[in-house]
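The values are calculated or read from the model by the stated rules, or taken from the named source; none is laboratory data. As the structure is a computational prediction, the values presented were derived from the model and not from experiment. So basically every Cβ, Gly included, is an ideal-geometry build from the backbone, and we count neighbours across all protein chains shown. Ligands, DNA and RNA are stripped out before the accessible areas are found, and what is left, the full protein with its side chains, is counted by its heavy atoms. Shrake-Rupley method; radii C 1.70, N 1.55, O 1.52, S 1.80 Å.
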Amino acid sequence: MLLLARAPPPTLAANYSPSPERALRLRSISSSSAVTATASAAAKPAAAASSRAGQRRKQVASVANPLVKHCVKLRLSAAYRRSCRRLLLVGLAPILEMCRFELDAIDHLLLLDGVEVPEELREFSGDVVFVNAAVMKKVSGMQSVDSTEAIAVMHMPRHFRDLGSHEDGDSLHGLFNHPKRILVLDGIQDPGNLGTLIRSACAFKWDGVFLLPACCDPFNEKALRAARGASLQLPIVSGTWHDLHALMTKYDMKMMAGHPESSSDASKGIHSLSEELADSLLNESLCLVLGSEGNGLSSETLQACELVNIPMEGTFESLNVSVAGGIFLFMLQPKYQIDSTTLTP
């Protein structure tokens, strides 16, 4: 037998707990229309599961809502992201990639009205916030919501350190355990390149990434999308050359920097990347510095590092930094990683 009832107003959403699928179907119907709600025994297990997951479901319809303003500031300001140690992830695919590593890192999950909670997020225990198209556009910064049906507010990874902040200060202690390979980025401003380099460093089992001044924020939305979840797995440190020198001294690390062979700003000899060079470094701890394509390496890097290039034929002087970085990271990866990838059954 069907029982007729009006859809509960948003203020009662916290006390109204049908199954997740049923709740989403109700939201897809116009708020001005009467709806039919069926109370069946089959719906009870799903509702109980939702309750056990602890999801709190809300509705936000105004772009002036404080949560919307908070999300917009997270998207636009690196300083704000670092001050509250939160980040904004736009798009369902990158959210699901991140959640493979840290589901508990999500504070709020924003879903477009009518979109169901993905099966992979059924165990999410935070706030599920349903928003209209206007709010989704405001938060995402996009003109269309066709490809933007989900946004997540997430905790910044615990292994991120900003050594210039009051909170983190000198907090390298415990972050690295006798690192063998650290990737250092010097003035990388393109978020796609920076995210790709973090992803490659993670793929080849480097121990962490150190960001010198003038690098873009690793939690920029484009950098996060390019990193494909690596930003949550790999220690990332933002600091100065003074901080890097302290790290290098503490762990007795050799400093090398990728450098175009034809560049005229190198006043000393340049090594060529080869298997022989890689073999000679297998038992050494190494910091590899990569600079931006536009400005190249800083004067501090040129003075402190031995230089190494990728030998190339033809008329090209250099490669895109993320491409060159992938080659360096593979060739100079830690010895234990090489051993594990070259074993034959």
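Residues in the range 263-276 that are modelled with pLDDT under 90 and either among the β-branched types (Val, Ile, Thr) or surrounded by fewer than 17 Cβ atoms within 10 Å (Cβ to Cβ) (or both): 7 in all. Looking across the range 145-163, the residues that are open to solvent by 10 Å² or more (accessible area, probe 1.4 Å) and under 20 Å from Ser62 (Cβ atoms) come down to Val145, Glu149.
In the range 172-203, which residues are among the aliphatic types (A, V, I, L, M), within 23 Å of Ala246 (Cα to Cα) and open to solvent by 10 Å² or more (accessible area, probe 1.4 Å)? If the condition is that a residue be among the aliphatic types (A, V, I, L, M), within 23 Å of Ala246 (Cα to Cα) and open to solvent by 10 Å² or more (accessible area, probe 1.4 Å), then Leu172, Leu175 are the ones that fit.
Considering only the range 76-128, state which residues are at positive phi and open to solvent by less than 40 Å² (accessible area, probe 1.4 Å). The answer is Gly91, Gly114. Do the conditions hold for Asn309, that is, is it open to solvent by 20 Å² or more (accessible area, probe 1.4 Å), of a type in the set (S, T, N, Q) and at pLDDT 90 or above? When the stated conditions are applied, Asn309 does not pass them.
Summed over the range 251-262, the residues that are modelled with pLDDT of 90 or more and either touching a helix residue (DSSP H, G or I) at 6+ places or on another chain (Cβ under 8 Å) or outside any strand (DSSP E or B) (or both) give a count of 6. Against the definition (among the aliphatic types (A, V, I, L, M), closer than 30 Å to Leu89 by Cβ and modelled with pLDDT under 95), how does Ala230 come out, yes or no? Spelling it out, Ala230 is indeed among the aliphatic types (A, V, I, L, M), closer than 30 Å to Leu89 by Cβ and modelled with pLDDT under 95. Considering the range 206-262, the residues that are among the polar types (S, T, N, Q) and under 21 Å from Ala79 (Cβ atoms) include one that is least open to solvent (accessible area, probe 1.4 Å), namely Ser231.
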